[in-house]
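The structure appears right after this line, and notes come after that.
The values are calculated or read from the model by the stated rules, or taken from the named source; none is laboratory data. The model shown is predicted, which means the values in this text are computed figures rather than measured ones. Cβ placement follows ideal geometry from the backbone for every residue including glycine, while neighbour counts extend to all protein chains displayed. Please note that ligands, DNA and RNA were not included when accessible areas were found on the heavy atoms of the full protein model with its side chains. Shrake-Rupley method; radii C 1.70, N 1.55, O 1.52, S 1.80 Å.
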Amino acid sequence: MKATSFLFGTRDAGFGRKLKTYRNHTKIIAQPGIVMKVLRRKRIVLFMAYFLLLVLTMLNVANYKWTKEPQQCNHQMRSTTYQSRSDIRFLYRPSLAKKRQLIYVLTTWRSGSSFFGELFNQNPEVFFLYEPMWHIWQKLYPGDAVSLQGAARDMLSSLYRCDLSVFQLYNSPGGKNFTSLGLFGATLNKVVCSYPLCSAYRKEVVGMVDDKVCKKCPPQSLRLLEEECLKYSTIVIKGVRILDVNVLASLMEDPSMDLKVIHLVRDPRAVANSRIKSRHGLIRENLQVVRSRDPKLRRIPFVDPGHKANKKDGSDYHSIGAMEVICDRTSRTLRTALNPPSWLKGKYMPVRYEDLVENPVKTLQGIYHFANLTTNHDIESFALNMTSVEDYCHHAMSVLGYERVRTAAEAKDLSKSLLTRSKL
């Protein structure tokens, strides 16, 4: 009997638990508000989880496309060889900045262009390149100057878009990868020699750089120099190897490029005299320019018929012959400027070197206004110091027998000799 009771008691207890559970479920079902509250909470949790997953997925995709991939590229470019333009990642490179001002300084050898270029090289807002087409002339020597105009124009088109891979085309076969220090004039370039590419100088500090110091800067890949180029709102390129502004017509007509030309000129007699004095330094360039002479043009004979036969004076002959081509091409530019086509109107500014020397601050202000730049005290002081040679060298000039000029008219008077007896 006890055994039976025990069995029944156990069944009753189990049944009681089942009944209790059933009653609890019945109670919950009987209160639909609780059910809806639970379902709403579950729905909110699921929605938040889905939304969070979606956000993380989008961030991951964006990070892969725009952050992760270029960082990997930059890291590799510091230690590996330069990648060619066939790299698919160049499809994602930013286009030319909409508000970027492009300036080309059109000039010729011995026209004061090195000093003139420094007015832009010193500006912290300017990415400046010095004679980049030098690489074309060296690589394609002894090609004549006129036949190289198209290649020079195409190089400018790339450089103004911060595409520096064009330099690779003119690298020596089997040579080392082109670096920032491989650019012509790199050791005098404030961008190349300043932070972040080099710790030697700061771009915002106005002042000449020491090429001996810059030579110690670490060579950087062209990719890093391109990235630096893209940071600037103004790009200025100074060159002597574009002989005629009409060569730049296609670039100036390009709606994606806001290109202006500053034409730096100097008295041709002073240019010719300077070229003759530096005959050996320009012998290759003179030969390339002379090869472009039009055989139909009337030759102006030398006073001395045997001038060319003299070995020492042969370089003088080529210097004067080069001036013939340079003046002819300059005349073409001036004829175009006097009756400017639509692509040149408002985009061309002539500057006489003599005006810059006579009144550096006023001339600088006009140049900067044309280039949409603003001057400051440091830049103006730099221009003044660069044109005040006599103030620094008056003692040496006195000892060597060089007369000082007091007025601009004296400086322009070619009939007056500035030489006296040397005190040595």
Pairing a residue in the stretch 370-381 that is farther than 13 Å from Thr234 by Cβ with any residue that is modelled with pLDDT of 95 or more and surrounded by fewer than 14 Cβ atoms within 10 Å (Cβ to Cβ), where Cβ atoms lie under 9 Å and the two sit 6 or more apart in sequence or on different chains, gives Thr375/His369
Determine if the stretch 69-80 includes at least one residue that is modelled with pLDDT of 85 or more, open to solvent by less than 40 Å² (accessible area, probe 1.4 Å) and either within 21 Å of Leu181 (Cα to Cα) or hydroxyl-bearing (Ser, Thr, Tyr) (or both).
-> no
Given the structure, is Arg404 more than 23 Å from Phe115 (Cα to Cα), open to solvent by 70 Å² or more (accessible area, probe 1.4 Å) and at pLDDT 65 or above?
-> no
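Residues checked against (1) hydrophobic (A, V, I, L, M, F, W, C); (2) free of Cβ contacts under 8 Å to residues at least 12 places away in the same chain; (3) outside any loop (DSSP other than H, G, I, E, B):
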position: Asn177; (1), (2), (3): no, no, no
position: Leu181; (1), (2), (3): yes, no, yes
position: Thr187; (1), (2), (3): no, no, yes
position: Val191; (1), (2), (3): yes, no, no
position: Leu197; (1), (2), (3): yes, no, no
position: Lys203; (1), (2), (3): no, no, no
position: Gly207; (1), (2), (3): no, no, no
position: Pro218; (1), (2), (3): no, no, no
Subset of the stretch 171-216 (residues that are open to solvent by 80 Å² or more (accessible area, probe 1.4 Å) and small (Gly, Ala, Ser)) | Gly174, Ser199
Give the residue, chosen from Ile262, Ile276, that is open to solvent by 10 Å² or more (accessible area, probe 1.4 Å) and either at negative phi or modelled with pLDDT of 80 or more (or both).
-> Ile276
